[in-house]
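Data block below; observations after.
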Amino acid sequence: MPGEEARALIISVYEDLLSTIFRKASPMVGAITVATLLESSLEDAKLRYPFLRAAEVGEEGVSLKGLHKEAKGIPPQKLKAGLEEWVSNLFAAFTILTGDVIVRQLGAEVERVKAKLRELRLE
């Protein structure tokens, strides 16, 4: 799969995952808390993956629209690694905050993403 197409699919899959996480976790701990955890987790991931600076987090959710331009030329596997690190950081933050309550409830979403990436041969 060409790099541009692979990057677009990776961004789409992770934007869907992050939006689902936001939507499902917000009723449990509040939208502001989820946005704060997303932002904090993103900041940590940006240290290793500066292209993630194009991601946006707000009280309404996550947008990766700017990432399409910012990630141009980034190898798809590196893009995926950066987004995976963001999600991993987020799950670590949720675990600190709630034990594994939220993480258990969102685990199926992560597995769905992994399956989708395998299906697209992007894992």
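Given the Cα atoms of the stretch 61-111, and with Rh set as the inverse mean 1/r over their pairs in the Kirkwood sense, what is Rg to Rh to two decimals?
Working: Rg = 13.3 Å, Rh = 12.5 Å.
Checking Rg against Rh, the ratio lands at 1.07.
Taking every pair of alpha-carbon atoms in the chain, give the share separated by more than 20 Å as a whole percent. The answer is 38 percent, as a whole percent. What separates the Cα centres of the stretch 42-80 and the stretch 87-105 is a distance of 21 Å. Of Pro76, Pro27, Pro50, which is the most mobile in a GNM of the chain whose springs link Cα atoms less than 10 angstrom apart? Maximum fluctuation in the GNM of the chain, among the listed residues, is at Pro27.
None of the figures in this text is laboratory data; all of them are computed from the coordinates on show. No experiment lies behind these values; they were computed from the predicted model shown.
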